[in-house]
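Step one of this worksheet: look at the structure below.
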Amino acid sequence: MAMRTGVPLSRVLLVSKTPNVERISRTRPDLIERLTCDRASAAVRQRLESLRASEATHTNNVQNMKLFLESRGIPFQEVKDLEVETTQIERVDLVVSLGGDGTFLKAASLIRDQTPLLGINTDSQRSAGALCRWKLNTQHDFPNLLDKLLIGDFTYKTRHRIRADVINEKEERITVDHFALNEIYLGEVEPSRASSFTLSVDGQPKERERGGGLLVSTASGYSGWMKSACHPSLDSIREVLELAESSKDTTALMAQAEEVAKRFHEKYNFATHEDKLFYFAREQIKAVDQVQRYSKGFCDALAFESFCWDGFLSMDGMRHYPLNFGDRVCISVATDFPVRTVELIQPER
């Protein structure tokens, strides 16, 4: 049997979330004043209190994490997600994101080598954290976490990312210096304006599209925005079955709907290590007799040409690049720059 190898912990970088209240205070101090004034509604005050409670939980867990690492003699450096840079990540053995999926995505976007990334959810009561599997809830979580890292009781998962190369109408390459771990979106900045573009899938003839823009995801991001955008809801499936008069029994109808939803998920589900993408041309506007070749599906590469008046390319919802009329975007899997994540199984309490 092969011996497990733990993660070297001589150089650890903690990338911690900037809490929402602190983030707003930095960029919109006037908004904080309005939220805390006497005229603020009860709902607004309640939301602010919830944000502050989340901030307190996160800050407490980060502090406890640092104290625990110090007690074990493990050297580390903490950097806020708004301030971290690629050069800091290049010099460490392990990157630990402390926060939610947003913090995880920010840390992942800066990794250019095989430095492993571990996601820790610092407020699991308020954050689902699909990418941050380890949840900090009690003091017992710290020794369990460290023991697993040291003895190698974990697995590495390869997560592929999306590369987007933008070429303008002058054939000049526009630098997009980050990769997307979850998804990219291309379309008009103004969501109520139809996005116009041409699309080619895997080198096939291009097709003119008009609608809600183009969404492209990896396997890591498929269960989030993409699934919400292109999967029919249980209620929608049930309604279709009801209209088709497949059953008069409500319980049987719901069971059928759940089975259809399960099959739909299985049809489009894929693993993070697979070097392919899933695309979805959103809310297509077409003539009655028009057949759209490209609606949704798996692909290796996409060629997108913008005919948007005020278009943009969004990478994981964090970084945005303008797309002018006539700009072309070549979309593919960044097979040479995957992210290697540390996957842990947390003991149930």
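Quick notes on this structure:
- Note on the chain: along the principal axes its Cα atoms extend 70, 64, 60 Å, ordered by decreasing extent.
- A simple rule links phi to the HN-Hα coupling: the Karplus curve 6.51 cos²θ - 1.76 cosθ + 1.60 with θ = phi - 60°, which for the range 221-236 gives x, 4, 6, x, 4, 4, 4, 5, 6, 10, 8, x, 6, 4, 5, 5 Hz, with x for Gly and Pro.
- Angle between the chain longest axis and helix 250-268 axis [Cα atoms, degrees, rounded to 10]: 80
- On a per residue basis, the chain carries 53 Å² of accessible surface, using protein heavy atoms and a 1.4 Å probe.
- Cα-based helix-to-principal-axis angle, 141-151 vs the chain, degrees rounded to 10: 90
- For the peptides 271-282, 144-155, the ranking by packing is 271-282, 144-155, with the highest mean count of neighbouring Cβ atoms within 10 Å listed first.
- Net charge contributed by nearby residues that have their C-beta within less than 11 Å of ASP123 (K/R +1, D/E -1): +2
- Magnitude of the charge dipole for the chain, about its Cα centre and with charges confined to Cβ atoms of Lys, Arg (+1) and Asp, Glu (-1), is about 520 debye.
- Taking a Cβ cut-off of under 11 Å around HIS58, the surrounding Lys, Arg, Asp and Glu residues balance to a net charge of 0, with basic ones at +1 and acidic ones at -1.
- Within the range 214-233: backbone nitrogen closer than 20 Å to the GLU274 label point (7 Å, Cα to C-beta): 215-232
- Per-atom-type breakdown for the range 108-263 gives carbon and sulfur 49% of the accessible area (1.4 Å probe, protein chains only).
- Lys/Arg +1, Asp/Glu -1 at C-beta; the chain dipole; positive extreme among PRO19, LEU313, PHE270: PRO19
- Leading residue at positive end of dipole, the chain (Cβ point charges), from PRO232, TYR156, ASN64: ASN64
- Rounded to the nearest 500, the helix-only mean residue ellipticity at 222 nm of the chain stands at -9000 deg cm²/dmol, with each DSSP H run of n ≥ 4 adding -39,500 (n - 2.57).
- The C-alpha atoms of the chain define a longest principal axis, and helix 42-71 lies at about 50 degrees to it.
- Between PHE325 and GLU266, the modelled label-to-label distance comes to 4.9 nm, taking each label 7 Å out from Cα in the direction of the beta carbon.
- Hydrodynamic radius by Kirkwood, which averages 1/r over all alpha carbon pairs of the range 1-148, in angstrom: 16.6
- Basic side chains Lys and Arg get +1 at the Cβ, acidic Asp and Glu get -1 at the Cβ, and with that the dipole of the range 136-235 about its Cα centre reaches some 140 debye.
- Take the Kirkwood radius over Cα pairs of the range 81-220, plug it into Stokes-Einstein at 25 °C and 0.890 mPa s, and you get 136 µm²/s for translational diffusion.
- Relative packing of 5-12, 296-303, 217-224, which averages over residues the other C-beta atoms within 10 Å, highest first: 217-224, 296-303, 5-12
- In nm, spacing of pseudo-spin labels at SER10 and VAL79 (7 Å Cα→C-beta vector): 2.0
- Mean-position separation - Cα centroids, the range 64-139 and the range 165-240, in angstrom: 29
- Exposure ranking of TRP225, TRP309, TRP134 by accessible area [1.4 Å probe, largest first]: TRP309, TRP225, TRP134
The values are calculated or read from the model by the stated rules, or taken from the named source; none is laboratory data. Please read these numbers as outputs of a predicted model, since none were measured by experiment. Ideal geometry is used to build each Cβ from the backbone, glycine not excepted, and the neighbour counts take in all protein chains shown. Only protein heavy atoms, including side chains, enter the accessible area calculation; ligands, DNA and RNA are left aside. Shrake-Rupley method; radii C 1.70, N 1.55, O 1.52, S 1.80 Å.
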